[in-house]
Amino acid sequence: MIRRLVMKVALIVLIAGFTAPCRAQMSSELLNYLQQDAKLSQDQIASLGKGQAVAKNLESRQADEVFLFGVIYVNATPESYVKAAYDFERLRKLPNYLALEKFSNPPQLADLKGFELDSQDIKDLKDCKPGHCNLQIPASTIADVHQTIRWSDPDAGQQVNQMAQKKALQHLLNYQQRGNQALGVYNDKHDPTEAPEQFRYMLSYVKVLPKALPDYYNYLLDYPDSKPANVENMFYWEKVKFGLKPTLRMVQVVTMQGNSPHQPAYTIAEKQIYSSHYFETALDLTYCISGDDARQPGFYLIMIMGSEQAGLTGFKGSIVRSHAVGRGASNLQKSLTTIKNALEKNQ
């Protein structure tokens, strides 16, 4: 999660200059949310008023679940954040990104050029069995690999990657037609991972959506049905270095532009559709909430980063979790400050 956060922030930053703190008027609705749902202290609320970033780890319901919460006031327009956050040309230049591509509408196989497993993943795939595999894939894909790939051929790796691209495209097309039910089941571990149920469970933690944005919340659950008029979708895939293994991911970006003063100027969900490693489910939510002072163009930037991750349970997993969670809030706080300085510098 920490590396995911750092990469997201890095694409926004050009040169992080110093910017003087700016006080902003906070609506009563936002204040209630920060106090009651995010459970910020009075000192943390006061820090926000001084232009400082506040970040914390949210209490998890189970060991393999991680949530980070952060907020800061940015004296810039919400549109400047949205534009910078999805500058893929800049993102491709970052060292942790090995490949990145936005899907066409409708998606095409050509969009997946570069969507390839590395040599170790291909080697691991050869030995995959349901319940024992080093990649997150369903049992049906494991069966197709063993039935289709001619491992003795010199181009076996190319065969694997061609299959991976076709499977990825079909997975995305199925998701666009059937929604969450097409997310399927990972059979790499002894206990299968039911991705649709995990996503529903994760979304239920984010209490602000059902109250303030019921249509948006319902759309995340019911996609592709129940689409609000002010919502846009974008899909992309990436190959990134999150940890020891390069990871292939497909992500849906759901952006809603607010159409009333009581809604955030922008609400953005980044929803994982597939990940080859680490993240069984992942959902990042970003809110750009304008201040109450019409004379200031600024907004409150709120980030909630949630994921369910393999390897965080048991004795060894508890050590990994403690390390990751311990650094998470600190990294998010620094990153929000960097975003603020970069956006305000360019005003």
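Using a probe of 1.4 Å on the protein chains alone, the accessible area found for E116 is around 80 Å².
Solvent-accessible area per residue in the range 167-291 equals 40 Å², computed with a 1.4 angstrom probe and all protein chains kept.
What does the extension gain come out to for Q120 and Q42, with contour length at 0.36 nm per residue minus their alpha carbon separation?
Details: separation 78, 0.36 × 78 = 28.08 nm, distance 5.03 nm.
Length gained, Q120 through Q42: 23.1 nm.
Taking Cβ atoms as reference points and 15 Å as the exclusive limit, the residues near S80 contribute a net charge of +1, counting Lys and Arg as +1 and Asp and Glu as -1. Going by a ≥ b ≥ c, the root eigenvalues of the Cα gyration tensor, does the range 50-102 fall in the rounded group (a/c under 1.5), the prolate group (a/b larger than b/c) or the oblate group? Note, shape of the range 50-102 comes out oblate. Extending 7 Å from the Cα toward the beta-carbon at both N230 and K102 defines two label points whose distance is 2.2 nm. In sequence order, the range 250-258 has phi-based couplings of 10, 9, 9, 10, 10, 10, 10, 8, x Hz under the Karplus curve 6.51 cos²θ - 1.76 cosθ + 1.60, θ = phi - 60°, and Gly or Pro positions carry x. A Cα-only calculation for the range 129-205 places Rg and Dmax at 14.3, 49 Å. Going by accessible surface with a 1.4 Å probe and the largest first, K93, K39, K56 read K93, K39, K56.
Computed from label points 7 Å out along Cα-Cβ, the spacing between Q147 and D127 is 2.5 nm.
Summary value for the range 180-276: 19 percent relative contact order, contacts being C-alpha pairs under 8 angstrom separated by 6+ residues. Here, the range 60-148 is characterised by an Rg to Rh ratio of 1.09, where Rg is the alpha-carbon radius of gyration and Rh the Kirkwood radius.
At a 10 angstrom cut-off on C-beta neighbours, averaged per residue, how do the peptides 194-204, 329-339 rank from highest to lowest? Walk me through the numbers on the way to the answer.
Details: 194-204: 17.6, 329-339: 19.9.
Order by mean packing, descending: 329-339, 194-204.
Over every Cα atom in the range 251-293, the radius of gyration and the widest Cα-Cα span, Dmax, amount to 13.6, 45 Å. FRET efficiency for the pair L244 and K166, taken as 1/(1 + (r/R0)^6) with r the Cβ-Cβ distance and R0 = 35 Å, rounds to 0.80.
Can you tell me the dipole magnitude for the range 78-221 around its Cα centre, using point charges on the Cβ only (Lys, Arg +1; Asp, Glu -1), in Debye to the nearest 20? Each step should come with its number before you reach the end.
On the way: 17 positive and 18 negative charges, 62 e Å.
In total the dipole reaches around 300 debye.
The values are calculated or read from the model by the stated rules, or taken from the named source; none is laboratory data. In this text the structure is predicted, and so the values were computed from the model without any measurement. We place every Cβ from the backbone using ideal geometry, glycine too, and count neighbours over all the protein chains shown. With ligands, DNA and RNA removed, areas are computed over all heavy atoms of the protein, side chains included. Shrake-Rupley method; radii C 1.70, N 1.55, O 1.52, S 1.80 Å.
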